[in-house]
Amino acid sequence: MTLGLMHRRTGELPAEATGFVGRRAELARLAGLLESARLVTVTGPGGVGKTRVALRAAALASAGYRDGVCLVELSGLMDAELLPHTVASCLGLPPGDSQLDAVLGYLREHELLLILDTCEHLLDSCAMLADAVLREAPRAG
């Protein structure tokens, strides 16, 4: 796996650099949604803390997923056709011809929470990926 500037493995949740205060209602709502639904979307204006709340909720829920949590950060991805490759890389999969097939195959066999962060500029591609994951990988959330 590749290591980032902060020595965090690709796909790993980042450590919180500062304390987390408040947002109990949002965290409780997300916890309930993560228990009852396989697809959860967090929306809102930029800068309100969507990612921070989602990552905290994922960290708290991670024990409920045998294979943990995988974070796919998409803010730097400009080519929607590279979405399956980016997800595959975060999952630690080797490059190959059909990265979408590799991702779906991996997710069929693993119970994990997959987080697609900052995907508003890739909505159609992320929606198609989410649809495929929901249909093809019943253990992925």
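Quick notes
- Residue 75 versus residue 124: modelled label distance in nm, points set 7 Å from Cα along the beta carbon direction: 2.5
- Gain upon complete extension [residue 93, residue 39; 0.36 nm per residue less C-alpha separation]: 17.2 nm
- Couplings for the stretch 95-103, taken from phi via the Karplus curve 6.51 cos²θ - 1.76 cosθ + 1.60 with θ = phi - 60°, read x, x, 5, 10, 5, 4, 4, 5, 4 Hz in order; Gly and Pro are left as x.
- Between residue 26 and residue 139, residue separation times 0.36 nm minus the direct Cα-Cα distance comes to 38.2 nm.
- Inter-label distance, nm, simple model (7 Å from Cα along the C-beta direction), residue 67/residue 15: 2.7
- Accessible-area composition of the stretch 33-141, carbon plus sulfur, in percent [1.4 Å probe]: 54
- Ellipsoid fit via the Cα gyration tensor, the chain: semi-axes of 23, 17, 16 Å, each the root of five times an eigenvalue, largest first.
- Sequence-distant residues sharing a close amide H with residue 114 (under 5 Å, placed H): 70, 141
- Look at the Cα gyration tensor of the stretch 57-112: its axes a ≥ b ≥ c give a/c of at least 1.5 with a/b at or below b/c, and that counts as oblate.
- Helical runs assigned H by DSSP (4 residues or longer) give the chain a calculated mean residue ellipticity at 222 nm of -12500 deg cm²/dmol, each run adding -39500 (n - 2.57) before division by the residue total.
The values are calculated or read from the model by the stated rules, or taken from the named source; none is laboratory data. Worth saying up front: this structure is predicted, and the values here are computed from it rather than measured. Note that we place each Cβ from the backbone using ideal geometry, even for glycine, and neighbour counts take in every protein chain shown. Please note that ligands, DNA and RNA were not included when accessible areas were found on the heavy atoms of the full protein model with its side chains. Shrake-Rupley method; radii C 1.70, N 1.55, O 1.52, S 1.80 Å.
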